[in-house]
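The values are calculated or read from the model by the stated rules, or taken from the named source; none is laboratory data. This one's a predicted model, so the numbers in the text were calculated from it and none came from an experiment. For neighbour counting, all protein chains shown are included, and Cβ atoms are generated from backbone atoms with ideal geometry for every residue, glycine included.
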Amino acid sequence: MGDSSSSLPETRVPAELPRPYESLYVPPVPPRPPEAKLRFIVLLLLTFGSTYLVAGPAYSFSLLAILGAHEFGHYFACRYYRVDASLPYFLPMPLVLTGTLGAFIRIRQPILHKRDLFDIGIAGPIAGFLVALPVLFIGIYLSRLMPLSEAGGMSSLELGEPLLFKMAAWLTFGPIPDDEILVAHPMAFAGWFGLLATALNLFPFGQLDGGHIAYAVLGEKSTLVSKGTVVVLIGLSFFSLSWVAWTVLMAIMLVVLGARHPRVFDEDVPLDRGRMWLAAFAVLMFILCFTPEPIQPLDIVTAP
């Protein structure tokens, strides 16, 4: 299940950098060819269909709004900084619990400056998070409680609750008794998946969104953070089998792409205070959206 902002080609930094950095010529972004727009529309419709089959139109529209906001956050940030990037690729997957593996964009050229990299990396998680918030709270409001004794046969899986999900449920229903469960409305299910996708992308690894942010803040030290992230994921895999697939994917990326993030020209130039505050907000988003056991055996079930 992925929702990342693609891989970036390696940037080769010359021995003597041109000064000022801003004087580097950046060609205009070429217009999208018709076939790219057609691919975007076809994948979007296929993903709508696969998510519709999972939990209906409320789930499908809500989830596509979250994923679309995330990827278009990256896309429009790329357009702003004149970085060539594809339209979002939505990934339909009717045979999985969520009906999709998420979405991503492909960035087709190196990002030269740390400021640009940071803004492009963080734009997606913030945009997706801002859409996921109302979807989650409206979905929880539309959900209902059910006695545990009546829940037999409704679902064999429990979805782990991120802190923000727990907060929304507590504000709506108060403390939920042990003999009751929350029957999640499809919009709440979409909000849950949106939170999980945000957390996955904010892992400070390689060329995930969190990896871009970590590199912009820490520079070369982010390489150690990427390696440490894989170690943490291996530990989480022993705690919950839900993490095995994500851990294997990260390990493959570590072997194929390496732990070192592609360099920018101004690697040693610190970020301004405003962006450092945004980096702290990214950490807060990760904490609110993360759950150590994303999927496990009954507490939340999806209402018909």
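Quick rundown of the values:
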item	result
Total residues in the stretch 36-56, condition of a type in the set (Ser, Thr, Tyr) and within 19 Å of the chain's Cα centre (by Cα)	2
Residue within the stretch 209-218 that is under 21 Å from the mean Cα position of the chain (by Cα) and β-branched (Val, Ile, Thr) present	yes
Subset of the stretch 43-87 (residues that are touching a Pro at 6+ places or on another chain (Cβ under 9 Å) and outside any helix (DSSP H, G or I))	56, 82, 83, 84
Residue 180 surrounded by 16 or more Cβ atoms within 10 Å (Cβ to Cβ) and either closer than 28 Å to residue 274 by Cα or of a type in the set (D, E, K, R) (or both)	yes
Matching residues, the stretch 233-292, being in a loop (DSSP other than H, G, I, E, B) and of a type in the set (Lys, Arg)	260, 263
Only listed residue being surrounded by 18 or more Cβ atoms within 10 Å (Cβ to Cβ) and within 24 Å of residue 246 (Cβ to Cβ), chosen from 70, 113	70
Among residues of the stretch 257-282, those that are of a type in the set (Val, Ile, Thr) and farther than 23 Å from residue 228 by Cα, counted	1
Residues of the stretch 58-81 satisfying the condition of being over 11 Å from the mean Cα position of the chain (by Cα), farther than 21 Å from residue 109 by Cβ and among the aliphatic types (A, V, I, L, M)	58, 63, 64, 65
Boolean, residue 259 is farther than 24 Å from residue 127 by Cα, at pLDDT below 85 and within 21 Å of the chain's Cα centre (by Cα)	yes
Positions within the stretch 94-109 being of a type outside the set (Val, Ile, Thr) and either in a strand (DSSP E or B) or closer than 16 Å to residue 57 by Cα (or both), in sequence order	94, 97, 99, 101, 102, 103, 104
Residue check, residue 206 of a type in the set (Gly, Ala, Ser), in a helix (DSSP H, G or I), touching a Ser or Thr at 6+ places or on another chain (Cβ under 9 Å) and within 23 Å of residue 106 (Cα to Cα)	no
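Matching residues to (1) at pLDDT below 95; (2) touching a Lys or Arg at 6+ places or on another chain (Cβ under 7 Å); (3) of a type in the set (Gly, Ala, Ser):
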| residue | (1), (2), (3) |
| --- | --- |
| 109 | yes, no, no |
| 119 | no, no, no |
| 135 | no, no, no |
| 140 | no, no, no |
| 149 | yes, no, yes |
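Okay, residues lined up against (1) crowded, with 24+ Cβ neighbours inside 10 Å; (2) at pLDDT 95 or above; (3) under 26 Å from residue 57 (Cβ atoms):
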position: 187; (1), (2), (3): yes, yes, yes
position: 192; (1), (2), (3): yes, yes, yes
position: 206; (1), (2), (3): yes, no, no
position: 220; (1), (2), (3): no, no, no
